[in-house]
Amino acid sequence: MRRFLLVASLAAFLPEASAQPDSRSVFGERTPLLAAGADAIQAGRYDDGIRLTIEGLEKETVSSRLKAAALANLCAAHAAKGEADVAIGFCDESVELDPSNWRAYSNRSYAYWQKGLYAEATADIDAAARLAPDAPQIAAIRGLINEKTLLPRVTMENRQ
Amino acid sequence: MSPGAACRRRVRFAAVAALAAVAGAPASMAHEADAWPIGVWSCLLYGMTGDLRFYLELAGHGGARIARPTEAEEGEWRPFGVWRRTRDRIELDDQLNGRFFAASLGRADLGGTWLGAGERGGWWCAATAHAVDDEPPPVAGLIHVLVPAVMASPRYPLAAIREAKEGRAVSCFVVTGDGAIVRPEIVETTDDVFRGPTLEAVTASRYRSWGDEDEALPACRSFTFELSAGD
């Protein structure tokens, strides 16, 4: 289970760098610190990733959209470390800067899930799904929410 | 039925059973070359309107007859329709009720699904030792009530919960005289995710012994998997 959660959270924060070639080239060439931070987070080196991303946000000039992506990455890294409250703060900032970034909603959903705030988690994963209906990360987080919120029942009937 | 007739029937049954042991009764020849499914079967039909037990005789020329409890009590067969073997299944036209029955080949027992006008369901049959052209087997085999001794409940598959998936599965099987469930199969399922848990639950279940070691009865159990929102 622990392993699954980690995989889900890692998948959830893959930044624009991996999914959008334009963003990756910007991260790679003009924002090396943010790119290195994203790579570190993706590799599971959360503390390094957080440090590099914060440094990148301080030293590198980025558009509000890329800043939102970097904040979403910080959100993901803190969520992966189990620091849900810190994660939610970064995701809030990210959503405010760029409401079209589905990863921020998805990451915040995961952080809410960690806190047991399933209604909030559901609202965010719904928002993420409206923006990226086919993203597998969204299905994975929705699955985690369903596991906690749905009550299963099996009715049996004998036929003879 | 008079005691004499009952005695004659028992003698006849014993003789047929003995012949079956030597030559192989039609039903016990399941999967042996082309004879399958020629023979006499003890069957259960289920659907929206209820369940029905009957004997089914499938003759080598394609004719089919049934004996419900009333007919079995009177020792009579009733014409039912025609059956045929296709490349991958057995098909049976119920000319009495306008229903179409299909059964997969490759199963030890005979059964599958049926379709009628606005209705559908399943059917399952256990082999009997009775021979074609004989009288129907004793009515007791149709009216005996199977009493569950252990009803294991299936686990709800975690993958289905995660995907918020609900559904239904029906497993049919044969109950031996000591109450054991053998050869459970899935007859219907809305999703393969329910297949494993259903078969596990059926396999872990059993019925009370019903005394006749020689005759097996068909039975089915349906499972409805539902999810509701928690608090």
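Here are a few things to note about the model shown:
- Qualifying helices (runs of 4 or more DSSP H) (wholly inside the range A:92-157; at least 3 residues being closer than 17 Å to B:Leu158 by Cα and within 14 Å of chain B (Cβ to nearest Cβ)): A:136-149
- Unique residue being touching an Asp or Glu at 6+ places or on another chain (Cβ under 8 Å) and aliphatic (A, V, I, L, M) when the list is A:Leu97, A:Leu131, A:Leu150, A:Leu66: A:Leu66
- Filtered residues of the range B:86-114 (kept if within 16 Å of B:Cys43 (Cα to Cα) and hydrophobic (A, V, I, L, M, F, W, C)): B:Ile90, B:Leu92, B:Phe100, B:Phe101, B:Ala102, B:Ala103, B:Ala108, B:Leu110, B:Trp114
- Subset of the range B:212-231 that is assigned to a loop (DSSP other than H, G, I, E, B) and touching a residue at least 24 places away in the same chain (Cβ under 8 Å) - its residue that is nearest to the other protein chains (Cβ to nearest Cβ): B:Ala216
- Selection status of B:Val150, among the β-branched types (Val, Ile, Thr) and either within 14 Å of chain A (Cβ to nearest Cβ) or closer than 20 Å to B:Val175 by Cα (or both): yes
- Filter result for A:Thr53 (assigned to a loop (DSSP other than H, G, I, E, B) and either over 25 Å from A:Glu120 (Cα atoms) or in contact with a strand residue (DSSP E or B) (Cβ under 6 Å, 6 or more places away or on another chain) (or both)): no
- Test: residue in the range B:133-143 that is crowded, with 17+ Cβ neighbours inside 10 Å, within 30 Å of B:Glu91 (Cβ to Cβ) and at the interface with chain A (Cβ under 9 Å from one of its Cβ atoms): no
- Number of the condition not met by A:Glu60 [criteria: (1) more than 30 Å from B:Val150 (Cβ to Cβ); (2) at pLDDT 95 or above]: (2)
- Taken as a whole, the condition of being modelled with pLDDT under 95 and closer than 20 Å to B:Leu105 by Cα applies to B:Ala127.
The values are calculated or read from the model by the stated rules, or taken from the named source; none is laboratory data. No experiment lies behind these values; they were computed from the predicted model shown. Neighbour counts are summed over all protein chains in view; Cβ atoms, including those assigned to glycine, are modelled from backbone coordinates with ideal geometry.
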